[in-house]
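The structure appears below as structure tokens.
The values are calculated or read from the model by the stated rules, or taken from the named source; none is laboratory data. As the structure is a computational prediction, the values presented were derived from the model and not from experiment. All Cβ positions, even for glycine, are placed from backbone atoms using ideal geometry, and neighbour counts span all protein chains on display.
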Amino acid sequence: MTPPTVGVLSIQGDVREHLRALEACGARPRPVGSVEALAEVDALVIPGGESTAMSKLAILDGLLEPLREARRDGMPMYGSCAGMIMLADRVTDARPDQETVGGIEMTVRRNAFGRQVDSFEVDLAMPALGSAPFPAVFIRAPWVESIGQGVDVLARVSRGADEGTIVAVRQGPLLATAFHPELTGDVRVHELFVEMVRDQA
Ligand code: GLN
């Protein structure tokens with residue numbers, strides 16, 4: 001089976017780490033910084049970074065509409081952190097001119113965990129990846145405030161007795177995590193995504 005070509009949106013953010021993780025899962029990784037490059041990939045990762053900058057640059061580079069179109073045509077996409085924000089239908093605590101690619105019926109709150117816990121790491125239960133917990137790194141991360149009916153919750157972070165806030169979701173060919181699996185050396189999230197890409201093909 002030929003390996004799927006998986007792009008990483010390379011206008012802003014931690015591109016190289018995703019390229020490396022994808023390669024480790026047997027995909028053919030490729031940076032995507034133009035409409036031409038987008039046309040040549042089977043799927044796309046939107047990395048972490050800064051979603052306001054990413055949104056602005058995507059508009060300047062003429063990539064926002066082509067990204068929306070690719071997503072509407074069913075291209076599998078995985079967004080991590082700022083990438084999760086980019087795949088959300090609605091964002092709170094965003095600048096008024098912040099645009100997203102959208103596609104996942106959810107409301108995401110930017111910088112939701114607050115200043116005191118800007119960055120943290122937890123061992124996250126994520127059954128879709130198997131029984132071993134996932135070392136999840138959160139950096140000025142968003143969380144998911146609400147979801148539509150078509151969205152599957154893949155993981156929650158619990159901050160007490162409550163059922164926890166949603167930090168990983170899937171809706172059809174779209175996957176999003178509030179954390180950064182590309183920084184950990186554990187490639188199970190990327191593996192899950194590459195599997196979704198293969199299933200789609
Ligand atoms: N806080 C950033 C944003 O709103 C996301 C941070 C990240 O991707 N690590 O875009």
Out of (1) assigned to a strand (DSSP E or B); (2) closer than 26 Å to Arg71 by Cα; (3) of a type in the set (D, E, K, R), what's the single condition that is false for Glu182? (1)
The correct count of residues that are in contact with a strand residue (DSSP E or B) (Cβ under 7 Å, 6 or more places away or on another chain) and either surrounded by 19 or more Cβ atoms within 10 Å (Cβ to Cβ) or within 14 Å of Arg159 (Cβ to Cβ) (or both) in the range 121-136 is 5
Restricting to the range 46-65, and then to whatever is part of a helix (DSSP H, G or I) and crowded, with 16+ Cβ neighbours inside 10 Å, can you tell me which residue is farthest from the ligand (Cβ to nearest atom)? Leu64
Only residues in the range 41-59 that are over 13 Å from Val15 (Cβ atoms) count as the first member; pair them with residues that are within 11 Å of the ligand (Cβ to nearest atom) and modelled with pLDDT under 95, Cβ under 6 angstrom, at least 6 apart or cross-chain, and list the lot. Thr52/Arg95; Thr52/Gln98; Ala53/Gln12; Ser55/Gln98
Within the range 163-201, the residues that are in contact (Cβ under 8 Å) with a residue 60 or more places away in the chain, more than 14 Å from the chain's Cα centre (by Cα) and within 16 Å of the ligand (Cβ to nearest atom) are none
Options Arg109, Arg90; residue that is over 30 Å from Ala201 (Cα atoms), within 15 Å of the ligand (Cβ to nearest atom) and touching a Ser or Thr at 6+ places or on another chain (Cβ under 7 Å): Arg109
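Given the criteria modelled with pLDDT under 95 and aromatic (Phe, Trp, Tyr), does Phe120 qualify? Lay out the reasoning, then the answer.
Numbers: modelled with pLDDT under 95: yes; aromatic (Phe, Trp, Tyr): yes.
Taking the combined requirement at face value, the residue satisfies it.
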Within the range 11-36, count every residue that is under 22 Å from Glu195 (Cα atoms) and among the small types (Gly, Ala, Ser). 4
Consider the range 1-15. How many of its residues are part of a loop (DSSP other than H, G, I, E, B) and either in contact with a His (Cβ under 8 Å, 6 or more places away or on another chain) or more than 15 Å from the ligand (Cβ to nearest atom) (or both)? 5
Selected residue (only one of Glu40, Glu23 is more than 16 Å from the chain's Cα centre (by Cα) and in a helix (DSSP H, G or I)): Glu23
What number of residues within the range 16-36 satisfy the criterion of being over 18 Å from Met75 (Cβ atoms) and within 16 Å of the ligand (Cβ to nearest atom)? 3
Go through Ala39, Ala43 for me and flag whichever is within 26 Å of Val91 (Cβ to Cβ), more than 16 Å from the ligand (Cβ to nearest atom) and either of a type outside the set (Ser, Thr, Tyr) or touching a helix residue (DSSP H, G or I) at 6+ places or on another chain (Cβ under 6 Å) (or both). Ala43
Which of the residues spanning the range 18-28 are under 17 Å from Gln200 (Cα atoms) and without any contact (Cβ under 8 Å) to a residue 40 or more places away in the chain? Arg28
